[in-house]
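The values are calculated or read from the model by the stated rules, or taken from the named source; none is laboratory data. In this text, all values refer to a predicted model and were calculated from it rather than measured experimentally. Using ideal geometry, Cβ is built from the backbone for each residue, glycine included, and neighbour counts are taken over all protein chains shown.
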Amino acid sequence: MSRVAYVNGRYVRHAEAAVHIEDRGYQFSDGIYEVTAIWKGRPVDLEGHWIRLERSLSELEIPMPMSAKALTVVARETVRRNLVRNGILYTQITRGVAPRNHLFPANTPPALVMTARSGLGPSAAVIEKGVKVIGLPDIRWGRRDIKTVSLLPNAIAKQRAHEQGAAETFLYTPDGVVTECSSSNAWMVTKEGVLVTRPLGHDILGGITRQRLILIAKEAGVPVEERPFTLEEAKAARELFLTSTTNFCLSVVQIDETVIGNGHPGGLTRELRAQYMEFLDKLEGPVWYDH
Ligand code: PMP
């Protein structure tokens with residue numbers, strides 16, 4: 001099966017899919033993206049992803065290339081053509097193609113690309129063991145709430161983690177307060193059993209998984225506090241974990257040289273992950289692809 005990409009109105013072979021060299025995404029990272037999980041053929045929290053996509057575009061004054069309803073039609077077709085039952089849908093929108101100039105071009109239509117591929121989440125062994133993270137200064141810009149394709153500091157952070165045998169980073173501001181991870185949101189469980197994650201604002205991306213997990217935790221009667229916490233607090237926490245579209249809820253068992261708890265995934269983290277899996281299994285709406 002050859003993969004298929006949607007590029008500005010056409011479904012093309014993935015291997016030959018291309019955009020113009022003066023696409024502003026390429027020259028200025030002037031664009032945004034979304035990654036949506038596909039679970040058993042259904043999109044996960046699609047509405048939340050489209051709401052965030054529309055917000056990212058609006059903050060950058062890029063028009064929607066089409067309505068959310070039309071995006072869904074293209075998304076479904078992209079998933080179907082790529083035979084994705086468990087995997088991810090990638091959507092990217094840039095300010096479009098124009099002669100290179102920092103100023104926003106007038107009358108330029110935004111460019112839209114969608115791809116989909118099978119494969120989702122870490123292996124069962126990684127989930128069972130939990131992951132190590134490293135603490136790193138957060139060197140990103142001041143609008144991390146906008147999901148831009150400008151991911152260079154995130155990529156560098158992930159690379160540094162990898163070089164130290166870690167899966168992720170807990171990024172922190174100069175005062176030692178944790179923002180989030182390079183591609184996920186950061187959480188801790190205090191000694192008192194309170195679930196803590198940084199509140200929304202310009203400093204972090206409002207994760208769709210974060211939003212869903214807050215709902216799940218509250219429904220389960222787990223106390224949730226949206227407040228900043230420091231790297232030092234994290235190191236002394238009972239449990240740590242991270243959330244993202246592709247990792248769901250993944251236990252963190254070590255930061256730098258500090259082992260968290262007994263070095264194994266904590267009980268509340270496991271419970272929340274189980275509840276998130278239950279939420280996935282109960283998704284409703286049309287199945288986009290099944291085989
Ligand atoms: N923060 C950052 C910086 C991210 O890149 C991501 C994943 N895109 C997240 C948080 C988690 O967001 P979501 O749960 O919507 O995948």
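For this structure, a couple of remarks:
- Condition broken by Ala116, with the remaining ones in (1) within 17 Å of the chain's Cα centre (by Cα); (2) under 30 Å from Leu231 (Cβ atoms); (3) at pLDDT 95 or above satisfied: (2)
- Check on Val259, within 19 Å of the chain's Cα centre (by Cα) and of a type outside the set (Phe, Trp, Tyr): no
- For first residues located in the stretch 184-212 and free of Cβ contacts under 8 Å to residues at least 12 places away in the same chain, partners that are in a loop (DSSP other than H, G, I, E, B) and more than 11 Å from the ligand (Cβ to nearest atom) and lie 6+ apart or on another chain with Cβ distances below 9 Å form the pairs Glu192/Pro223; Glu192/Arg238.
- Each residue in the stretch 1-58 was checked for being in a helix (DSSP H, G or I), in contact (Cβ under 8 Å) with a residue 24 or more places away in the chain and under 26 Å from Tyr289 (Cα atoms), and 6 of them qualify.
- Yes/no for Gln159 being within 13 Å of the ligand (Cβ to nearest atom), farther than 21 Å from Asp30 by Cβ and out of contact with any strand residue (DSSP E or B) (no Cβ under 9 Å at 6 or more places or on another chain): no
- Qualifying residue in the stretch 270-290 (condition: closer than 20 Å to Phe170 by Cβ, surrounded by fewer than 18 Cβ atoms within 10 Å (Cβ to Cβ) and not acidic (Asp, Glu)): no
To keep it simple, each residue is scored yes or no on (1) crowded, with 17+ Cβ neighbours inside 10 Å; (2) closer than 15 Å to Arg95 by Cα; (3) under 18 Å from the mean Cα position of the chain (by Cα); (4) not assigned by TED's automatic domain parsing to the domain that holds Leu89.
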| position | (1), (2), (3), (4) |
| --- | --- |
| Ala15 | no, no, no, no |
| Arg24 | yes, yes, no, no |
| Gly31 | yes, yes, yes, no |
| Val35 | no, no, yes, no |
| Ile38 | yes, no, yes, no |
| Val44 | yes, no, yes, no |
| Trp50 | yes, no, yes, no |
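- Scanning the stretch 126-146 for residues that are closer than 14 Å to Ala161 by Cβ and in contact with a Ser or Thr (Cβ under 9 Å, 6 or more places away or on another chain), we see that the one that is surrounded by the fewest Cβ atoms within 10 Å (Cβ to Cβ) is Pro137.
- Any hit, the stretch 84-96, residues being among the hydroxyl-bearing types (Ser, Thr, Tyr), outside any loop (DSSP other than H, G, I, E, B), more than 13 Å from the ligand (Cβ to nearest atom) and buried (at least 21 other Cβ atoms within 10 Å of the Cβ): yes
- Residue list for the stretch 45-104, restricted to those being of a type in the set (Lys, Arg) and closer than 25 Å to Gly206 by Cβ: Arg52, Arg55, Lys69, Arg76, Arg95
- In the stretch 105-153, the residues that are touching a Phe, Trp or Tyr at 6+ places or on another chain (Cβ under 7 Å), part of a loop (DSSP other than H, G, I, E, B) and within 24 Å of Lys40 (Cα to Cα): Gly121
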